[in-house]
Ligand code: CMP
């Protein structure tokens, strides 16, 4: 099914100059970039984006890290885009990520794990408008 999903290239990967390498993996896998935007999130904005994790013990670390430097938000489109992006990313903890995945190749820790990706089409439909107005997305 043709879907859209949100990817965020996190501050660790941006500072390591991995934007091009990561976008290339999406494109090589057949996912199309239909929106792309760079921004440094405030702690408040990071907290709003990750509000489902508000009660988690890692929440404070997560929002400090996500607001520590520039991030790149990307809307990806393609067949089964949500699952395809998750397969490309690998497990949340890079130590557990399969070889050849973005997190296995580029991430250092569960906090600095290079990328975020929507975990379901329902969450993609919430996460994409956090960064993009519909007019910002191309067809
Ligand atoms: P992400 O996919 O962006 O979603 C929430 C983030 O919280 C996750 O990636 C990790 O970077 C971070 N995190 C830190 N500790 C944990 C944990 N124990 N379980 C899940 N996510 C964690």
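Quick rundown of the values:
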quantity	calculated
Simple spin-label estimate for residue 52 and residue 135 in nanometres, 7 Å along Cα-Cβ	2.9
Pairs of alpha carbons in the chain whose separation is greater than 21 Å (percent)	37
Cα pair distances in the range 26-103, grouped into 5 Å bins until the bin that holds the longest one, percent each	3, 14, 16, 18, 25, 17, 6, 0
Likely footprinting exposure, 40, 28, 101, 71, fewest C-beta neighbours within 10 Å first	28, 40, 101, 71
Theoretical FRET efficiency, 1/(1+(r/R0)^6), r = Cβ-Cβ of residue 61 and residue 28, R0 35 Å, to 0.05	0.65
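Any read-out appearing in this document is the output of simple, stated calculations on the displayed coordinates, not a laboratory observation. These numbers come from a predicted model, not from an experiment. Cβ atoms come from the backbone with ideal geometry, glycine included; neighbour counts cover every protein chain shown.
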